[in-house]
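The structure under discussion appears below in the form of C-alpha cells.
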C-alpha cells in the first residue's frame with residue numbers, strides 16, 4: 001500500500017474499533033445503568049484488554065462523550081425529519097410524540113442526553129452540537145404556533161420531559177403518560193399561544209342604536 005492508503009486503513013480501523021467499543025458501552029449501560037459502566041467490564045464486552053481500551057479512549061468520560069454525540073445525532077435526525085403536515089398545532093404534536101417515544105423507549109440514552117446522571121461529565125462542544133440543532137428546531141415549531149417567550153420555551157421543555165420522566169418511572173414499556181401528548185399540547189397552547197385577533201370591528205358608542 002502507498003502511504004496515503006496505509007493512513008486511511010489505519011484510520012478506518014481505529015474508527016471501527018471505537019464504534020465497537022461505544023456499542024459495547026451502550027449494551028453495558030442498558031443492562032447495568034449509566035453509573036454502572038466500568039472500564040474493566042467494558043473491555044471484556046468489547047473483547048479487548050483494558051490497556052487497549054485506553055488506546056482508543058482516554059477516560060470513561062471520553063467514552064460517555066462519544067455515546068452522547070452518537071445519541072444526540074440520532075435524536076436530531078428523528079426530531080428534524082420531515083413533518084407530514086403544514087398545520088402548526090399538528091407539527092407541535094408530532095414533534096412532542098417523537099420526543100417522548102425516542103426518550104421513553106431507551107431510558108439510559110434519555111438520561112445521558114437530558115439528565116445530569118454522571119457526576120462531573122459535560123459533553124464536548126462537538127458532541128453537543130446536534131443537541132443545539134434539535135433545540136433550535138423545537139423553538140421553530142413553537143414559533144409556528146406563536147410561542148416565542150423564553151419562559152414558555154422553558155415550560156414546554158418541562159412538560160415534555162415530565163411526561164417522559166413519569167412514563168419511565170411509573171409505567172415502563174406502557175403508554176400511561178405518553179398517550180397524554182395531544183392533551184398536553186392543547187393545554188400548553190391554550191395558556192401560552194397568543195389569542196387570535198378578532199377581524200370584526202366593534203361599533204363605537206356613537207354608532208350603537210343608530211338607524212340607517
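The values are calculated or read from the model by the stated rules, or taken from the named source; none is laboratory data. This one's a predicted model, so the numbers in the text were calculated from it and none came from an experiment. Every residue, glycine among them, receives a Cβ derived from its backbone with ideal geometry; neighbour counts consider all protein chains shown.
Scan the stretch 124-135 and give yes if some residue there is under 22 Å from residue 35 (Cα atoms), part of a loop (DSSP other than H, G, I, E, B) and modelled with pLDDT of 95 or more, otherwise no.
Yes, the stretch 124-135 contains at least one residue that is under 22 Å from residue 35 (Cα atoms), part of a loop (DSSP other than H, G, I, E, B) and modelled with pLDDT of 95 or more.
Assess whether residue 140 counts as being over 10 Å from the mean Cα position of the chain (by Cα) and farther than 27 Å from residue 17 by Cβ.
yes
Between a first residue in the stretch 102-130 that is assigned by TED's automatic domain parsing to the domain that holds residue 169 and on the phi > 0 side of the Ramachandran plot and a second residue that is part of a helix (DSSP H, G or I) and surrounded by 14 or more Cβ atoms within 10 Å (Cβ to Cβ), which pairs have beta carbons less than 8 Å apart while being 6 or more apart in sequence or on different chains?
What qualifies is 120/61.
Conditions tested, residue by residue: (1) part of a helix (DSSP H, G or I); (2) in contact (Cβ under 8 Å) with a residue 40 or more places away in the chain; (3) closer than 27 Å to residue 141 by Cβ.
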| position | (1), (2), (3) |
| --- | --- |
| 40 | yes, no, no |
| 44 | yes, no, no |
| 52 | yes, no, no |
| 55 | yes, no, no |
| 66 | yes, yes, no |
| 70 | yes, yes, yes |
| 77 | yes, no, yes |
| 82 | no, no, yes |
| 93 | yes, yes, yes |
